[in-house]
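To start, the structure under review is shown below, and the notes come after it.
The values are calculated or read from the model by the stated rules, or taken from the named source; none is laboratory data. The structure presented is a predicted model; accordingly, all values stated were derived computationally and were not measured. FYI the Cβ positions are ideal-geometry reconstructions off the backbone, even for glycines, and counts take in every protein chain you see.
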Amino acid sequence: MFIGLSGMQYSGGSLAEHRIVVAEDSNVFTSMIGQKLKQCFDIDIEICSTFEELQLAFDYGDRPITLAISNINLPGAENGEALGYLAGLSIPIIVFTGTFHEKTREGILARDIVDYVIKDSILAIDMLAESVCRFLTNHRHHVLIVDDSPTARALLRSRLERFNFQVSATESGAEALDILKGAPEIGLVITDYNMPDMDGFELTRRLRSVRGSHELRIIGVSSSDNRLLSARFLKAGGNDFMLRPYVDEEFYCRVNQNLDTLDQIKSARRMIARRGEAKVA
């Protein structure tokens, strides 16, 4: 079992079938990454210490690359060309870098990367392993978007699918309730406040009447500057609230935290149920 920095637990079997390429020229970091991913998830990484080796890994690999962990600069690609190359091939990327400032952040986020981890502490390898685990297992989580704006729905769907989640979307609260009836596996709803048929508060109240926080997490969103909206969402039964426009890092962290909490609650309830069954037996 892997227990991450945020309390994330992984005990779902081997992830060894995934092909992970690490584009990094530091032997120290590649060794640390390889040991951690092997220990936690039984994953053997492929190391590419130059841009040429990265290109060869793609051209002559025996199966598709699931995920690339890449430094910004590599020998032969000293100006970030490796990220552009990987992004052009639609390979998901986690950037692992020691060079970071606001301009760097804007540049890597423009590539629609999965995540970035900064080499600034001894915890960096653990954070990287946690990010890898999330990406490889996020497909187990089903998220429902509720928003009457096609643009907002498309943006949210794009963000969530980038992180490998299952995603459904609808434009109304009534349709959301119907979808939830037929899809009990949905664990997270992200709902706008201002919708024509019912607002986000009413949708949240109706969802809570049939599914508790131990089954479903709800995040309210809005573009309004009304500071009371967050309190009203929470009072209606929501678990979290975000203002648009989103900050990428905050959005992903809040989604992860809510799903982590849901996983932990479900795990605790299963453990209690097993103990009860053992006592009866």
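Annotations
- For the range 35-83, the set of residues classified as in a helix (DSSP H, G or I), closer than 19 Å to D25 by Cα and acidic (D, E) consists of E52, E53, E81, listed by residue number.
- The conditions of being surrounded by fewer than 15 Cβ atoms within 10 Å (Cβ to Cβ) and either part of a helix (DSSP H, G or I) or among the small types (G, A, S) (or both) are met by S158.
- Pairs meeting the criteria (first residue in the range 243-259 and in the same structural domain as S222 (by TED's automatic domain parsing) and closer than 17 Å to L155 by Cα, second residue surrounded by 19 or more Cβ atoms within 10 Å (Cβ to Cβ) and among the aromatic types (F, W, Y), beta carbons under 7 Å, at least 6 apart or on different chains) are Y252/F163.
- One residue from L262, L229 being under 15 Å from the mean Cα position of the chain (by Cα) and buried (at least 18 other Cβ atoms within 10 Å of the Cβ): L262
- Criterion: part of a loop (DSSP other than H, G, I, E, B) and surrounded by fewer than 16 Cβ atoms within 10 Å (Cβ to Cβ) - qualifying residue of D197, D178: D197
- All positions within the range 106-122 that are in contact (Cβ under 8 Å) with a residue 24 or more places away in the chain, aliphatic (A, V, I, L, M) and assigned to a loop (DSSP other than H, G, I, E, B): I113, V114
- Test result for S131, over 16 Å from K38 (Cα atoms) and either in contact (Cβ under 8 Å) with a residue 24 or more places away in the chain or not assigned by TED's automatic domain parsing to the domain that holds D248 (or both): no
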